[in-house]
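Report on the following structure.
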Amino acid sequence: MLAKLIIAGTVGALIGAAAVAAAAPELNLRGGRFKPPTYAELSPDQKAYVDREITAGRTPGPGGPSNINLRSPEMADLSRPLTEYLRFKSPMQRKLKEIAIMLTARFWGGQYVWYSHRQQALDAGLNPPSSAPWRPASGPPT
């Protein structure tokens, strides 16, 4: 009888672990400076942030600032309204926003921002230079 209870407990534990693993989202984050964590490695605050993002339809993925936002979920939550305003509600022309983004990316050597906004800048009406490759600098000017 004791052996059956132990077997049943073990099977229950395995099924429970499988259910938790299946429920945990796969983050697929990237990062060179900050090691991307798995969902299992997140703190309770980080898990709550990821769950809120998924519920809102913004699944954290390899692109964007998700890996950085996980370092401070509170800051990410506080900065969201400002980010939403600047991206979608600011009265500034889209072309000017993209110029500012591309200049900042160029100055700081932000390759992700540069490449993720390249097409958006072209769509906004910016022209790529014809004489030089359009890529970010390797770092800020000295």
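The values are calculated or read from the model by the stated rules, or taken from the named source; none is laboratory data. From a predicted model like this one, the values you see are computed outputs, not experimental measurements. Areas reflect the complete protein model, heavy atoms only, side chains present, ligands, DNA and RNA absent. Shrake-Rupley method; radii C 1.70, N 1.55, O 1.52, S 1.80 Å.
How much accessible surface area, in Å² rounded to 10, belongs to the heavy atoms of Lys35 with a 1.4 Å probe?
Looks like 140 Å² after rounding.
Largest first, what is the accessible-area ranking of Val113, Val50 with a 1.4 Å probe?
Val113, Val50
Which lysines, if any, have their Cα less than 22 Å from the Cα of Lys47, not counting same-chain residues under 8 positions apart?
Lys35
Note down the accessible area of Glu53, probe 1.4 Å, to the nearest 10 Å².
Per-residue accessible area (Glu53): approximately 10 Å².
May I ask you to compute the full-extension gain from Arg71 to Lys89, defined as 0.36 nm times their residue separation minus their alpha-carbon distance, rounded to one decimal in nm?
Values: separation 18, 0.36 × 18 = 6.48 nm, distance 2.68 nm.
The Arg71-Lys89 span can extend by a further 3.8 nm.
Tell me, in nm to one decimal, what length is gained between Arg58 and Leu122 on full extension, where the rule is 0.36 nm per residue of separation less the Cα-Cα distance?
Numbers: separation 64, 0.36 × 64 = 23.04 nm, distance 2.47 nm.
Working it through step by step, the gained length comes to 20.6 nm.
Can you give the accessible area of Thr38 in Å² (nearest 10), computed on protein heavy atoms with a 1.4 Å probe?
Surface accessible to solvent at Thr38 totals approximately 70 Å².
For Lys97, which aspartates and glutamates qualify as cross-link partners when the Cα separation must be under 18 Å and same-chain residues fewer than eight apart are set aside?
Leaving aside aspartates and glutamates fewer than 8 places away in the same chain, those within reach of Lys97 are Glu84, Asp123.
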